[in-house]
Amino acid sequence: MAKKTAKDLKPIITKRTPRPPMSAEAKLRIRKIATHMLCAALFIGACGGAFHVSQKYVDRIARTPTPPTVVLKDQPVWMSQALAEQILASVRPATPFAPNDHQMLADRALILGSNPWVKSVHAVRRQYVNAPGDTIEIDCEFRAPVALVKWQDAYWYVDADAVRLPERLSGEQVAQLIRPGISPMFHIIDGVGSAPLPPGKAWPGGDVKAGIELIALLANKPYGDQIIKIDVSNFGGRVNANESQLNLITRYGTEVRWGQAPSSKAFFVEQNVDRKLDYLSQARKQTGRVDMNQAWIDLRFDNPTVPDNRPRAAITP
């Protein structure tokens, strides 16, 4: 078979079918679609620009002329007005702000969250009193002081979780709180074994917590005003394992030897908590004083013991 040359090969030409001309109606429809799309784009752009301009205008005319007033949603009954004002001043903006300034509110929440008096922040919100955003309301859970802990020459407030609070009292100030005839607002925890951490941190060691547990048991008891101090110096038996770990110091300068911490479960060693409380109630009923008019009274055993060996009626709860 003869070999074909390039001259013998005919080029293959693909013919394209010509597109029919566009009708006038189709051209008109395309123009309308393009016109509508252009109008929509212009409208959206105009709206965005108008919103941006109006937003700046609103921010300018609605910006509070003076820094807003800051209020507490629910001021605790124990909180002094001086402390409330201190907390409010710490979050009050120094300059005017726009009502829709969310970052300003977030910043207030952060400041509150770092305050040792604040346990948790529920909300920081704007309020309309006389003008938009002229008031900021803060809603927090605060740390209520429940005791004074003595460390060296100072007395520090602590809350129910043994968290140290910023305020402290001097010995002279505490002496005014425990004058004869005045029921102490706060019991003192003395003899702690560890130095305090910065405000907002729990007091290290378990002795402060044990003292707070005991104070909570004395709350609202008719003899509670006779107790001035909780001595925790032998907590955990760190001084003498055979002696009482917690002692109540009365306003008469006498001692009620309570024993182990209320949360201890070693009831086989000492009387349980309810029994000890009954002893105190009966002592007050029979003698008028929780110390039975003795230099000390020990509640740890079957019947309270006292240093006086003379016969005396047993305390029977």
With respect to Ser281, is the statement that it is small (Gly, Ala, Ser), part of a helix (DSSP H, G or I) and more than 26 Å from Gly171 (Cα to Cα) true? yes
Give Lys209, Lys265 a once-over and let me know the one that is within 28 Å of the chain's Cα centre (by Cα), assigned by TED's automatic domain parsing to the domain that holds Arg164 and among the charged types (D, E, K, R). Lys209
Restricting to segment 223-236, what's the tally of residues that are touching a helix residue (DSSP H, G or I) at 6+ places or on another chain (Cβ under 7 Å) and either among the basic types (Lys, Arg) or surrounded by fewer than 21 Cβ atoms within 10 Å (Cβ to Cβ) (or both)? 2
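The values are calculated or read from the model by the stated rules, or taken from the named source; none is laboratory data. As the structure is a computational prediction, the values presented were derived from the model and not from experiment. Note that each Cβ is placed from the backbone with ideal geometry, even for glycine, and that neighbours are counted across all protein chains shown.
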